[in-house]
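Student: Please find one structure pasted underneath; my questions will follow.
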Amino acid sequence: MSETQELIYEVRDGIGWITFNRPEARNAFTFAMYERLQEICTNAEPGGEARVLVMRGAGGKAFGAGTDMTQFRAFSKPEDAWAYEDRMERVFEAIESCPLPTIAAINGACTGGGAAIAAACDLRIASPTLKYGFPVARTLGNCLSVSNLARLSELMGAARVRDVIMTARLVEAEEAKAIGLVSEIAEDVDARAQELAETVAGHAPLTLRATKEGLRRLRVAAAHVDDRDLIEMCYMSDDFREGLDAFLSKRKPAWQGK
């Protein structure tokens, strides 16, 4: 199978369908697939043929099983690992920065790099067979970049990210919906993705674009936000002293908002 066949991109009725097409390998990603995905997202233009991008895996059993592990064999020095993570970050940033809304239609396994791609999308829907996670603690022994930890923490919360990574467990469909990792569960993910994409495509594109970019900027800037005024506001307040006293006295606090 050629590199172009491993990732198929086609536009139908204003929806750009990106299909990860290595079902025999549970749609594990080659570097060429990552590069093609980055290219599609980078070159997407508002007002172009596609108004929404939908990502999915071929074969019905996996969205994407992460990076093809055979590609790690050549790693021999720190620079190899740094270059790999830099490459991955460019892909995820391209998805987040894409001016078009992105939908991950997740069927079955969604792990490693596939899970990171889904996390970078704007919306996620899943089949009942979803298995989502980063089981690196029991497989390769590598780690997630800080940027990916930030994305996941935004979706699931830091405590659950610790749980999922440290236990190396996979999140199933009902839990994923309960924690907001996916917005809904659908028996026919492709059909539901089509409906959702049509709905999103009919909305004000500038509103969607501004919302998407604004949220991206919030995440990127979070590490540099000065929160000293907020800390001072709470710790130096009458409410804090009241709360502390109420806790020690084992009574309910009477909040005043000052």
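Student: Would you confirm whether any residue within the range 175-193 is touching a residue at least 24 places away in the same chain (Cβ under 8 Å), in contact with a strand residue (DSSP E or B) (Cβ under 8 Å, 6 or more places away or on another chain), closer than 12 Å to Leu100 by Cα and in the same structural domain as Ala50 (by TED's automatic domain parsing)?
Tutor: no
Student: Would you check which residues across the range 39-93 are of a type in the set (S, T, N, Q) and farther than 22 Å from Asn21 by Cβ and list them?
Tutor: Ser76
Student: In addition: Report, by residue number, each residue of the range 188-207 that is buried (at least 18 other Cβ atoms within 10 Å of the Cβ) and of a type in the set (Val, Ile, Thr).
Tutor: Val189, Val200, listed by residue number.
Student: Which residues, taken from the range 141-190, are modelled with pLDDT under 90, assigned to a helix (DSSP H, G or I) and more than 15 Å from the chain's Cα centre (by Cα)?
Tutor: Listed by number, the list is empty, since nothing qualifies.
Student: Hey, can you tell me all the residues within the range 96-108 that are outside any loop (DSSP other than H, G, I, E, B) and surrounded by 24 or more Cβ atoms within 10 Å (Cβ to Cβ)?
Tutor: Correct list: Thr102, Ile103, Ala104, Ala105, Ile106.
Student: Can you confirm whether the range 196-203 contains a residue that is in the same structural domain as Val136 (by TED's automatic domain parsing), under 19 Å from Phe134 (Cα atoms) and among the hydrophobic types (A, V, I, L, M, F, W, C)?
Tutor: Checked against the condition, which is being in the same structural domain as Val136 (by TED's automatic domain parsing), under 19 Å from Phe134 (Cα atoms) and among the hydrophobic types (A, V, I, L, M, F, W, C), the range 196-203 yields no hits at all.
Student: Right, something else. Based on this model, can you work out whether Ala137 counts as outside any loop (DSSP other than H, G, I, E, B) and within 13 Å of the chain's Cα centre (by Cα)?
Tutor: Criteria not met by Ala137.
Student: Looking for something buried (at least 17 other Cβ atoms within 10 Å of the Cβ), of a type in the set (A, V, I, L, M) and over 19 Å from the mean Cα position of the chain (by Cα) - is there at least one such residue anywhere in the range 46-55?
Tutor: Yes, the range 46-55 contains at least one residue that is buried (at least 17 other Cβ atoms within 10 Å of the Cβ), of a type in the set (A, V, I, L, M) and over 19 Å from the mean Cα position of the chain (by Cα).
Student: Has the range 142-164 got at least one residue that is buried (at least 18 other Cβ atoms within 10 Å of the Cβ) and in contact with a Gly (Cβ under 6 Å, 6 or more places away or on another chain)?
Tutor: yes
Student: For the range 124-131, does any single residue satisfy the condition of being touching a Leu at 6+ places or on another chain (Cβ under 6 Å), on the phi < 0 side of the Ramachandran plot and either part of a helix (DSSP H, G or I) or of a type outside the set (Ser, Thr, Tyr) (or both)? Give the steps one after another, and end with the answer.
Tutor: So the first thing to find is which residues in the range 124-131 are touching a Leu at 6+ places or on another chain (Cβ under 6 Å), and the list is 131.
Those still in the list that are on the phi < 0 side of the Ramachandran plot too: 131.
From the residues that got through so far, the ones that are either part of a helix (DSSP H, G or I) or of a type outside the set (Ser, Thr, Tyr) (or both) too are 131.
Yes.
Student: Yes or no: Glu79 more than 26 Å from Leu218 (Cβ to Cβ), among the charged types (D, E, K, R), in contact (Cβ under 8 Å) with a residue 24 or more places away in the chain and surrounded by fewer than 22 Cβ atoms within 10 Å (Cβ to Cβ)? Before you say what the answer is, go through the steps one by one.
Tutor: Details: more than 26 Å from Leu218 (Cβ to Cβ): yes; among the charged types (D, E, K, R): yes; in contact (Cβ under 8 Å) with a residue 24 or more places away in the chain: no; surrounded by fewer than 22 Cβ atoms within 10 Å (Cβ to Cβ): yes.
So Glu79 does not fit the description; no.
The values are calculated or read from the model by the stated rules, or taken from the named source; none is laboratory data. In this text, all values refer to a predicted model and were calculated from it rather than measured experimentally. Cβ sites come from the backbone with ideal geometry, for glycine too, and all protein chains shown count toward neighbours.
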